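J.: Sending over a structure as structure tokens; questions will come in a sec.
The values are calculated or read from the model by the stated rules, or taken from the named source; none is laboratory data. From a predicted model like this one, the values you see are computed outputs, not experimental measurements. All Cβ positions, even for glycine, are placed from backbone atoms using ideal geometry, and neighbour counts span all protein chains on display. When the accessible area is computed, the model is the full protein with side chains, heavy atoms only, and any ligands, DNA or RNA have been set aside. Shrake-Rupley method; radii C 1.70, N 1.55, O 1.52, S 1.80 Å.
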Amino acid sequence: GLERGAKNQFSTFSNFITTINQKKEGIGNRNSPTQLVIPNIKNVRDLPSICLDVRQKQRISIDTLPQELKAPIPPEPSLPIRTKTVKEFQDDVEKAKSSGDWKAVHDFYSTTFDSFLEINAAFKKDTNSPFNTIEDSGINAKFVNVVYDALLNTPQDVQKSVLKGIINGLLQEWKGPRTKDDLRAYCILLQNPQFSNTSTYVIYAHLLRQIAALTEADHHFLVHWSKKISQRRFKELVDRLLQFISLRLFPAKPEEFPPMVKCTWWIPSATKVLALFNAANSLISPPVISYTDFYNSTLDHIDLMEEYHNWQCYANSHRFSFCQYPFIISIAAKKVIIQRDSEQQMISIARQSLVDKVSRRQKPDMNMLFLNVKVRRTHLVSDSLDELARKRADLKKKLKVTFVGEAGLDMGGLTKEWFLLLIRQIFHPDYGMFTYHKDSHCHCSFKCDNYSEFRLVGALMGLAVYNSITLDIRFPPCCYKKLLSPPIVPCDHNTLVGICDVTLDDLFQIMPELAHGLSELLSYEGNVEEDFYSTFQVFQEEFGVIKSYNLKPNGDKIPVTNQNRKEYVQLYVDFLLNKSIYKQFAAFYYGFHSVCASYALLLLRPEEVEILVCGSPELDMSALQRSTQYDGYQKTDLTIRYFWDVVLAFSLDLQKKLLHFATGSDRVPVGGMADLNFKISKSETSTNWLPVAHTCFNQLCLPPYKNKKELKQKLIIGISNAEGFGLE
């Protein structure tokens, strides 16, 4: 309803605001969005990055701020006295609906939103209290929600009066820093549901611009206040910002908005404000909403490599790039960036090899353009590790695998088969490098002291990401945090790598029984020293020998007490997940980054690295059915109907075998089943033959079996005996 009666009104608002801004800019625009600079604050806990390029390491404090950011605190102006309660407002709305007289409601809305002072007078829990802390915003959230929920069901003149009042507040001349009342008003205005309508976007953009241009200290308060918003309202607010960015990039009706050249600040302002909510979301465990709720899939359709290039080339300038705010880029888009970055590196390395060969007056050949790995199935691990060790200089070339004694040509299928079999053998308990924890269903415990093997396994995992292969690896989530600590290999080799902040939650995901015991220690109400009789010394079994380690100097002489048990637990967790495996994991880290060294890793969260490495373990065969292409068959043909009836009724194990048989891997890629480009072709052979697969092309060749029973029998035989390659 708002859209019908308000377009002309809002266009004049737009012109009015533009005129005022032009006058302000002549004097000196204090509200233009600028690159936010975060001071280097020491001796405080860390807050997730808000509006900075992800390469920068400074963070905002969440506990204390330097004195220069705290002072001076401007005096809060006295607020008008407003006594309307939630119940009284609801009664007014009900009376207006029944009588048709909206005057009382109109007066309330027009007065409340006329200025920032009036907003505080209406929605501040106690007008006599300053509410100057990050713990409590002082906003009566229930009243705000009731007022906004009723707003969209009021007549047009009521809704217009709210927007006019917001414009008045935004056009106010600011003298000095913002007060906490101003920040409260911004926090309240951001929740206005009217901003979901494109006809209000000019006003919404100016609100976002002012919030984006606030000081870092002000952002600090907004972040902490925002995390108190209810999950539903928080999600609506994030969705509103994402929609604003999407519609500015690809407007359904371009005539609704000013020309892009006149509002280039719209998208940067909205993205910076969205970053505040991302930071607020990261402060809470569990987060208010999933990190994937910040993805904007519209960005999948822009020139991502141009964004990536701008970010790399203009990192120290104020030039905006979505890569500065990687939380908004979907994992599918990040995969595209990493793939193309890998392809460019492959081409560059291959070109350099060619130039070197020609400069030495040697005859070039095609093999020099690839990382050629030749292995025997009977000595798969030793041959593979030897090949990778010998050809370390070629790791960034395109991978090609040959199985000795087999005629298969590697167009991608042999590579997938090699990774699958190699990972299966390396992670087998008998090999001794990794231990599988049944309680947590993951591999851990880097027991082996052969660091070169850990480096080669890291390189193997890097090769999989570099060549867009998904692996069936079950590392705990903290492993991927460690791989990104730091995401770029430091130039100084004395810098520690693979060390990250770990908590009891991380240990729960690996050794739940031990973590539960430590949790019990923390909550124990008796005398810890007398009842547990523990010290800051721990014991570990290594190759059948029990060894002792002090968690701190003279730890064997320091008893664990009620007062120091938190320190004990933190040091123990850090010992298990960082210090005790440092050398092994450092080798693994350097192996992975020897192949995957790329600024694109700066864009990734640990969870996203895991998805890139492992794909998705969840098989949705119905999704595969919907996206399958056919050659020689129609999807309505009897054989195809038999096939899907059989496959959809398969156990998970048989479905994985089918996926492995047809594609060379039993993992689902990042983009889901549709990304497999799976094809079923008609095989003009006898129905006595088994199905045949071309794993390089994710293609299944299926003879026209006469009935469902025969198809099921032949298919199960085929997928259960699918190791090895040959040419027909």
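J.: Name the single residue, out of those in the stretch 486-526 being touching a residue at least 40 places away in the same chain (Cβ under 8 Å) and among the acidic types (Asp, Glu), that is nearest to Tyr582 (Cα to Cα).
T.: Asp506
J.: Ok, one more. For the stretch 406-420, indicate whether the set of residues that are at negative phi, β-branched (Val, Ile, Thr) and surrounded by fewer than 18 Cβ atoms within 10 Å (Cβ to Cβ) is non-empty.
T.: no
J.: Give the residues of the stretch 88-113 that are closer than 20 Å to Ile188 by Cα and either of a type in the set (Lys, Arg) or open to solvent by less than 70 Å² (accessible area, probe 1.4 Å) (or both), sorted by residue number.
T.: Within the stretch 88-113, Phe89, Val105, His106, Asp107, Phe108, Tyr109, Ser110, Thr111, Thr112, Phe113 qualify.
J.: May I pose another question? Only one residue in Asp293, Asp300 is modelled with pLDDT of 95 or more and either in the same structural domain as Pro606 (by the TED database) or open to solvent by 40 Å² or more (accessible area, probe 1.4 Å) (or both). Which one?
T.: Exactly one residue qualifies, and that residue is Asp293.
J.: Ok, one more. Only residues that are within 25 Å of Ile338 (Cβ to Cβ) and either crowded, with 23+ Cβ neighbours inside 10 Å or polar (S, T, N, Q) (or both): list them for the stretch 276-290, please.
T.: Hits for the stretch 276-290 are Asn278, Ala279, Asn281, Ser282, Ser290.
J.: Give the stretch 77-106 a look and list any residue that's outside any helix (DSSP H, G or I) and either in contact with a Lys or Arg (Cβ under 6 Å, 6 or more places away or on another chain) or β-branched (Val, Ile, Thr) (or both), or say none.
T.: The answer is Ile81, Thr83, Thr85.
J.: Quick one: what pairs do we get from the stretch 263-283, first residue on the phi > 0 side of the Ramachandran plot and in contact (Cβ under 8 Å) with a residue 60 or more places away in the chain, second assigned to a loop (DSSP other than H, G, I, E, B) and buried (at least 22 other Cβ atoms within 10 Å of the Cβ), C-beta under 9 Å, 6+ apart or different chains?
T.: none
Quick grid of which residues meet (1) out of contact with any Gly (no Cβ under 9 Å at 6 or more places or on another chain); (2) open to solvent by 40 Å² or more (accessible area, probe 1.4 Å); (3) over 16 Å from Gln584 (Cα atoms):
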position	(1), (2), (3)
Asp472	no, yes, yes
Pro490	yes, no, yes
Thr495	yes, yes, no
Cys500	yes, no, no
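J.: When you scan the stretch 542-553, do you find a residue that is modelled with pLDDT under 95 and either in a helix (DSSP H, G or I) or within 30 Å of His660 (Cβ to Cβ) (or both), even just one?
T.: No, every residue in the stretch 542-553 fails to be modelled with pLDDT under 95 and either in a helix (DSSP H, G or I) or within 30 Å of His660 (Cβ to Cβ) (or both).
J.: Looking for whichever is touching a residue at least 24 places away in the same chain (Cβ under 8 Å), touching a strand residue (DSSP E or B) at 6+ places or on another chain (Cβ under 6 Å), assigned by the TED database to the domain that holds Phe257 and open to solvent by less than 20 Å² (accessible area, probe 1.4 Å) here; the options are Phe116, Phe123. Which one fits? Give the derivation first.
T.: Working: Phe116 fails: touching a strand residue (DSSP E or B) at 6+ places or on another chain (Cβ under 6 Å).
The unique qualifying residue is Phe123.
J.: Further, regarding this structure: So which of Val273, Val261 is open to solvent by less than 20 Å² (accessible area, probe 1.4 Å) and part of a helix (DSSP H, G or I)?
T.: Values: Val261 fails: open to solvent by less than 20 Å² (accessible area, probe 1.4 Å).
Selected residue: Val273, the only one of Val273, Val261 that is open to solvent by less than 20 Å² (accessible area, probe 1.4 Å) and part of a helix (DSSP H, G or I).
J.: Return the residue satisfying two criteria in turn: it lies in the stretch 365-376 and is hydrophobic (A, V, I, L, M, F, W, C) and either touching a strand residue (DSSP E or B) at 6+ places or on another chain (Cβ under 6 Å) or surrounded by fewer than 10 Cβ atoms within 10 Å (Cβ to Cβ) (or both), and of such residues it is nearest to Trp418 (Cα to Cα).
T.: Of everything passing the filter in the stretch 365-376, Val373 is nearest to Trp418 (Cα to Cα).
J.: While we're on this one: Just checking, how many residues over the stretch 571-594 are out of contact with any helix residue (DSSP H, G or I) (no Cβ under 8 Å at 6 or more places or on another chain) and open to solvent by 30 Å² or more (accessible area, probe 1.4 Å)?
T.: 5
J.: Still on this structure, I have one more. Pick from the stretch 661-708 the residues that are modelled with pLDDT under 90 and among the β-branched types (Val, Ile, Thr): which of them is surrounded by the most Cβ atoms within 10 Å (Cβ to Cβ)?
T.: Ranking the qualifying residues of the stretch 661-708, first place goes to Thr663.
J.: Same structure again: For the stretch 382-405, give me each residue that is among the β-branched types (Val, Ile, Thr) and crowded, with 19+ Cβ neighbours inside 10 Å.
T.: Listed by number, the list holds a single entry, Val401.
J.: Residues in the stretch 327-364 that are of a type in the set (Lys, Arg) and surrounded by 13 or more Cβ atoms within 10 Å (Cβ to Cβ): how many?
T.: Residues that pass the stated criteria total 4.
J.: So which helices (runs of 4 or more DSSP H) stay within the stretch 142-249 end to end and still have 2 or more residues that are touching a His at 6+ places or on another chain (Cβ under 7 Å) and open to solvent by 10 Å² or more (accessible area, probe 1.4 Å)?
T.: 156-170
J.: Can you tell me which of Asn120, Asn192 is over 19 Å from Ile81 (Cβ atoms) and polar (S, T, N, Q)?
T.: Working: Asn120 fails: over 19 Å from Ile81 (Cβ atoms).
Checking each option against the conditions leaves just Asn192.
J.: Out of Ser468, Ser440, Ser452, which single residue is open to solvent by 40 Å² or more (accessible area, probe 1.4 Å), in a loop (DSSP other than H, G, I, E, B) and at pLDDT below 85?
T.: Checking each option against the conditions leaves just Ser468.
J.: Here is a follow-up. Test Glu542 against the stated conditions and say whether it is closer than 28 Å to Ser594 by Cβ, among the acidic types (Asp, Glu), assigned by the TED database to the domain that holds Glu387 and open to solvent by 20 Å² or more (accessible area, probe 1.4 Å).
T.: No; evaluated as a whole, the condition is false for this residue.
J.: Something else: Of the residues Ile60, Ile139, Ile119, only one is modelled with pLDDT under 50 and among the β-branched types (Val, Ile, Thr); which?
T.: The match here is Ile60.
J.: Here's another thing I want to ask about it. Are any residues in the stretch 306-331 assigned to a helix (DSSP H, G or I), touching a Phe, Trp or Tyr at 6+ places or on another chain (Cβ under 7 Å) and modelled with pLDDT of 90 or more, and if so, which ones?
T.: Glu307, Cys323, Gln324, Phe327, Ile328
J.: On to the next question. Restricting the search to the stretch 615-654, which residues are in contact with a Leu (Cβ under 9 Å, 6 or more places away or on another chain), closer than 18 Å to Ile473 by Cα and surrounded by fewer than 19 Cβ atoms within 10 Å (Cβ to Cβ)?
T.: Of everything in the stretch 615-654, those that are in contact with a Leu (Cβ under 9 Å, 6 or more places away or on another chain), closer than 18 Å to Ile473 by Cα and surrounded by fewer than 19 Cβ atoms within 10 Å (Cβ to Cβ) turn out to be Leu619, Leu652.
J.: Any idea how many residues of the stretch 413-444 are among the small types (Gly, Ala, Ser) and over 26 Å from the mean Cα position of the chain (by Cα)?
T.: 2
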